[in-house]
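Trainee: Here you go, one structure.
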Amino acid sequence: QVRLVEFGGDLVQSGGSLRLSCVGSGIFLSESPMNWYRQTPGKERELVATITPGGNTNYVESLKGRFTISRDDRDNTVYLQMDSLKPEDAAVYYCNLKGDTYDYWGQGTLVTVSS
């Protein structure tokens, strides 16, 4: 059974940092593009960052320089390092592994940023 479980969401002050983790089981996170999304109430889920099986990374333009996606294949974990957090970064963050025949999601982890 495939599971993705996110960790690391917390309350942080504006300007602070958080590192989110997405731990995979039942599948290797390196075999397909791995994405981080975020969602706030009333809005559509927004793609934040992607890491490809080869390790190439892509970010939504507005977050470049503040967010970093990485992957540890030994631990089968993908990370999202978030620096210089702003109140508008507050959201539920989800990891997503999307292949040709599957589309797996974690349950989400809540990030709250106080101003």
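Trainee: Please provide three numbers in whole Å: the alpha-carbon extents of segment 35-102 along the principal axes, with the largest listed first.
Mentor: 33, 27, 21
Trainee: Turning to a different aspect of this structure: Which GluC sites (Glu not before Pro) does segment 4-86 hold that lie in a coil by DSSP with at most 13 other beta carbons within 10 Å?
Mentor: Filter output for segment 4-86: E31, E44.
Trainee: Now, a different point. Quick one: which residues, 5+ away or cross-chain, put their amide H under 5 Å from the amide H of A90? H built at 1.01 Å from N.
Mentor: Close amide H contacts, sequence-distant or interchain: V113.
Trainee: Using a 1.4 Å probe and ignoring any ligands, DNA or RNA, find the accessible area of V48 and quote it in Å² to the nearest 10.
Mentor: 0 Å²
Trainee: Any idea of S62's accessible area? Nearest 10 Å², probe 1.4 Å.
Mentor: Accessible area of S62: about 80 Å².
Trainee: To continue, here is another question. Over its Cα atoms, what ratio of radius of gyration to 2.2 N^0.38 Å does the chain give?
Mentor: The chain yields a ratio of 1.00.
Trainee: If I model a spin label at D10 and K98 as a point 7 Å from the Cα along the Cα→Cβ vector, what separation in nanometres do I get?
Mentor: A separation of 3.0 nm, rounded to one decimal place.
Trainee: Taking all protein chains as present, what is the carbon and sulfur share of the accessible area of segment 37-115, in % to the nearest whole number, probe 1.4 Å?
Mentor: Carbon and sulfur together cover 46 percent of it.
Trainee: If ligands, DNA and RNA are left out, what is the accessible area of D83 with a 1.4 Å probe, given in Å² to the nearest 10?
Mentor: In the full protein context, D83 sits at about 50 Å².
Trainee: R74 versus N56, label points 7 Å from Cα toward the beta carbon: distance in nm?
Mentor: 2.7 nm
Trainee: Also: Measuring with a 1.4 Å probe in the full set of protein chains, what accessible area per residue, in whole Å², belongs to the chain?
Mentor: Per residue, the chain has an accessible area of 54 Å².
Trainee: With +1 assigned to the C-beta of every Lys and Arg and -1 to the C-beta of every Asp and Glu, and no other charges, what is the dipole magnitude of segment 1-54 about the Cα centre in debye, to the nearest 20?
Mentor: Roughly 60 debye, rounded to the nearest 20.
Trainee: OK, next. Assign unit charges at the C-beta atoms only (+1 for Lys and Arg, -1 for Asp and Glu), then state the dipole size of segment 1-98 relative to its Cα centre in Debye, rounded to the nearest 20.
Mentor: That gives a dipole near 80 debye.
Trainee: Another question, if that's okay. From the backbone phi of segment 9-18, what are the Karplus-calculated ³J(HN,Hα) couplings (6.51 cos²θ - 1.76 cosθ + 1.60, θ = phi - 60°) in whole Hz, Gly and Pro given as x?
Mentor: x, 6, 8, 9, 6, 4, x, x, 10, 9
The values are calculated or read from the model by the stated rules, or taken from the named source; none is laboratory data. Because the structure is predicted, anything quoted here is derived from the model rather than measured. FYI the Cβ positions are ideal-geometry reconstructions off the backbone, even for glycines, and counts take in every protein chain you see. All accessible areas refer to the heavy atoms of the entire protein, side chains included, with ligands and DNA or RNA removed. Shrake-Rupley method; radii C 1.70, N 1.55, O 1.52, S 1.80 Å.
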